[in-house]
Amino acid sequence: MTASQDRLPRLLALVPYLIARPGIPIDEAAADFDVTPKQLRKDLELLWMCGLPGYGPGDLIDISFDEDTVTVTFDAGMSRPLRLTGAEATALLVALRALADTPGVADADAIRRTVAKIEMAAGQAQPAGVAVGLGVREAAETVKVRETVQSALKAGHALRMTYYTASKDEISERTVDPMRVLIVEGRGYLEAWCRRAEAVRLFRLDRIDEVEVLDEPAAPPPYARPTDVSTGLFRPAPDQSVARLVLEPDARWVSEYYPVEDIEELDGGRLRVTMRYADTSWMVRLLLGLGGEVKVERPAELAQELRARAVAALRLMDHHLADT
Amino acid sequence: MLCLLSTRQYLSAERIRGIVPGYADAPSDDAFFRTFERDKTELRDLGIPLEVGRNSVFDTVDGYRIARRDYELGEIDLEPDEAAAVALAVRLWDSPELTGAAHGALLKLRAAGVDVDQAAPAIVESKVRTSEPAFTPLLAAVRAGQVVSFDYRRPSPAELRERTLEPWGVVSWRGRWYVVGHDRDRDAPRCFRLSRIVGEVRKIGKAGQVRRPENVDLMQFVATTGGEVSSVSTVRVWAASGRAAGVRRRAKVVGERDIRGTAGDILELELRWPDTAAGWLAGYGADVLVLEPEVLAKSVRERLVAVAEGDVL
């Protein structure tokens with residue numbers, strides 16, 4: 001949206017907003033409208049000049065503002081905000097409904113009451129065309145883990161947990177300082193400062209095998225920043241390895257499930273992709289499991305290791321069959 | 001435009017031209033009416049319909065005003081926990097279209113006197129992204145009620161085909177976007193994953209031609225079309241000592257066994273997805289050996305044989 005397209009809705013909302021809050025500090029109002037205090041002053045000056053056209057000065061919107069605060073005393077008939085547009089009602093109601101169906105996100109009853117009130121106030125604006133289901137799958141054990149994690153967050157306590165790291169196929173004990181719980185692509189995660197790794201880490205809730213709230217307070221260092229998950233969970237890094245793969249049609253899902261680059265369509269519905277991976281043992285497990293549906297073009301060492309692992313496993317199977 | 005919002009009388013276009021500072025500068029009638037038309041459209045997009053009419057029988061031309069009751073937000077009063085739900089809902093979106101719309105709604109609720117504290121830390125944070133290129137044109141087509149066609153790639157069996165769809169809605173389910181509608185080629189309701197749409201979404205025909213059936217639950221449709229198998233089967237495997245932590249954490253140890261000098265445990269676990277289970281277990285190579293059921297052992301073996309014999313470069 002351009003600045004001027006943003007400005008009109010803001011001007012229209014400003015008068016009723018200020019009427020509801022006489023004497024509000026300008027800084028606070030500016031923060032609510034997500035503009036600078038300087039911009040808000042400019043808006044107020046423009047509003048001050050508006051009002052009933054062609055009539056006397058008494059019909060103008062009357063705004064008194066001093067150094068820091070502002071009060072509207074005459075509103076020229078603009079005391080109520082505009083009703084929600086279809087797009088606005090949709091964005092809000094769809095999000096609320098998605099939250100209502102998601103375990104542990106917020107008070108489901110409060111969300112249902114909110115949906116009813118907003119539908120009522122929005123009048124004829126009907127939401128349609130978009131629906132969102134976060135579809136979080138939670139096994140009974142994960143529900144317990146999430147509840148424990150949330151209680152620690154609320155109380156501001158540290159956690160000790162047993163965590164399964166899929167990339168290394170390892171189970172470890174960690175003490176962490178919880179920061180938040182978030183849902184990405186249908187899965188719940190705990191974001192926390194990991195004292196062992198001395199870094200912010202995302203822990204999948206369904207990989208926390210045991211968890212215990214400690215008496216000591218959570219103390220993430222001040223420089224611990226939440227991870228930006230807006231482009232997905234995987235972050236390309238310089239120390240990662242890179243593989244060039246050809247996916248058969250049955251393995252195309254890999255390109256949707258994992259972040260791949262340089263996608264090249266080949267004949268027969270095959271796909272050539274570049275895939276980054278942090279841990280070779282994880283990559284070997286993934287590719288072994290895909291059987292013949294993936295060809296590794298490079299690196300050669302990865303292809304060799306794969307084949308060696310498959311041969312070793314087949315030898316073991318044959319021994320076992322011979323023994324029984 | 002504020003001038004129209006604060007008048008109760010119909011104002012003629014000429015009158016508006018005289019009052020509104022920007023309009024008076026218009027060099028010609030044409031230029032004025034062009035600007036006026038554009039502003040009327042902008043107002044309509046903001047949810048403010050203009051009313052056309054005359055103040056009295058003596059008026060010779062139509063005037064414009066805004067029916068205030070039609071554009072005002074109804075009374076709304078949210079409890080603190082309800083306002084908190086709104087704050088959370090606004091933060092759900094991570095999308096150029098929907099984040100803007102949600103913020104617009106928030107602005108109006110604040111203007112209506114509702115205090116929504118966005119700085120309060122949310123206990124749960126979730127985001128819905130709309131990064132698929134097909135999202136914007138499909139949502140626009142749904143809103144306009146317009147038929148679309150697009151090239152769609154199905155992974156298995158692999159095929160790339162043009163589809164013609166009467167779109168009913170776009171649905172985000174478990175972090176993936178789908179479009180649901182009436183598939184004209186199959187003559188049946190279908191859903192398509194947006195990430196599998198190749199190239200442009202083309203609009204066909206006029207707006208307003210698509211009628212969405214009354215009783216269709218879009219979310220339910222996508223959720224049940226996924227074809228989720230939930231039959232649970234018990235699997236028995238051998239795992240080398242100290243290896244395969246990922247398998248062990250989901251299993252219980254029911255015995256010990258050496259296989260050709262390698263110590264290990266017999267494990268039992270419940271698996272929900274027999275087919276993906278084969279890939280998962282094959283990934284462990286010689287660290288895991290499937291004992292039962294035989295069909296799973298065979299499936300694992302096939303995968304390993306393919307890797308061992310495949311034309312790996």
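Only the coordinates and a few stated rules stand behind these numbers; no lab work does. Here the structure is a predicted model, which means the values were calculated and not measured. Methodologically, a virtual Cβ is constructed for each residue, glycine included, from the backbone with ideal geometry; neighbour enumeration extends over all protein chains shown.
Taking amide hydrogens as placed 1.01 Å from N in the peptide plane, the amide H of A:Arg298 sits under 5 Å from those of A:Arg244, each at least 5 positions away in sequence or on another chain. In chain A the longest region clear of trypsin sites (Lys or Arg not before Pro) that are loop-assigned by DSSP and have at most 13 other C-beta atoms within 10 Å covers A:1-136. Counted as membrane-span-like here are DSSP H helices of chain A whose alpha-carbon atoms extend 24 Å or more along the helix's own axis and whose Kyte-Doolittle mean is 0.5 or above; these are A:3-20. Amide H contacts of B:Trp168 (H built 1.01 Å from N, in plane; Pro and chain starts excluded): B:Val180, B:Gly181, B:His182 sit under 5 Å, all sequence-distant by 5 or more or on other chains. In plain terms, chain A is cut at each of the GluC sites (Glu not before Pro) found in a DSSP loop with at most 11 other Cβ atoms within 10 Å, and the longest leftover piece is A:68-197.
State which entries of B:Lys40/B:Lys127; B:Lys108/B:Lys203; B:Lys40/B:Lys206; B:Lys127/B:Lys298 exceed 31 angstrom in Cα-Cα distance in the structure shown. Working shown, then result.
Numbers: B:Lys40/B:Lys127 35 Å; B:Lys108/B:Lys203 33 Å; B:Lys40/B:Lys206 23 Å; B:Lys127/B:Lys298 41 Å.
In this structure, B:Lys40/B:Lys127; B:Lys108/B:Lys203; B:Lys127/B:Lys298 exceed 31 Å between Cα atoms.
Normalised by the number of residues in the range B:129-217, the mean separation of alpha-carbon contacts (under 8 Å, six or more apart) gives a relative contact order of 35 percent. Just the Cα atoms of the range A:194-299, one point each, no solvent: what log10 I(q)/I(0) does Debye give at q = 0.09, 0.10, 0.17 Å⁻¹? One equal scatterer on each Cα of the range A:194-299 leads to -0.35, -0.43, -0.92.
Quick check: convex hull over the Cα atoms of chain A, volume per residue in Å³, rounded to an integer?
In chain A, the Cα convex hull volume per residue is 241 Å³.
A crude spin-label estimate for the pair B:Glu51 and A:Ala278, with each label 7 Å from Cα along the Cβ direction, gives 6.1 nm. Taking amide hydrogens as placed 1.01 Å from N in the peptide plane, the amide H of B:Val128 sits under 5 Å from those of B:Trp93, B:Asp94, each at least 5 positions away in sequence or on another chain. Peptide B:185-194 is shielded by partner chain Cβ atoms: per residue, an average of 0 of them sit within 10 Å of its Cβ.
Only Cα sites of the range A:140-217 enter the Debye sum here, all with the same form factor; the resulting log10 I(q)/I(0) across q = 0.11, 0.14 1/Å is -0.23, -0.38, listed in q order. Taking 7 Å steps out from each Cα toward its Cβ at B:Arg161 and A:Asp34 produces label points 4.3 nm apart. The calculated pair-distance distribution of the range B:135-225 uses every alpha carbon pair, bins of 5 angstrom beginning at 0, and gives 3, 15, 27, 28, 19, 7, 2 percent.
Distance distribution P(r), the range A:241-320, all Cα-Cα pairs, bin width 10 angstrom from 0: 18, 52, 24, 7, 0 percent. Residues of the range A:277-307 with backbone nitrogen within less than 15 Å of a virtual label 7 Å along the Cα-to-Cβ line of A:Ala139, please, listed as ranges. So the set is empty, nothing qualifies. Its DSSP H runs of at least 4 residues, each contributing -39,500 (n - 2.57), put the calculated 222 nm mean residue ellipticity of chain A at -12000 deg cm²/dmol, to the nearest 500.
Find the relative contact order for the range A:172-324 and round it to a whole percent, using C-alpha pairs within less than 8 Å whose residues are 6+ positions apart. Mind dumping the intermediate values first?
Details: 190 pairs, mean separation 24.5, N = 153.
The normalised contact order for the range A:172-324 reaches 16 percent.
Hey, what did chain A get for relative contact order, percent, Cα under 8 Å, at least 6 apart?
Numbers: 463 pairs, mean separation 31.5, N = 324.
In percent, rounded to a whole number, it is 10.
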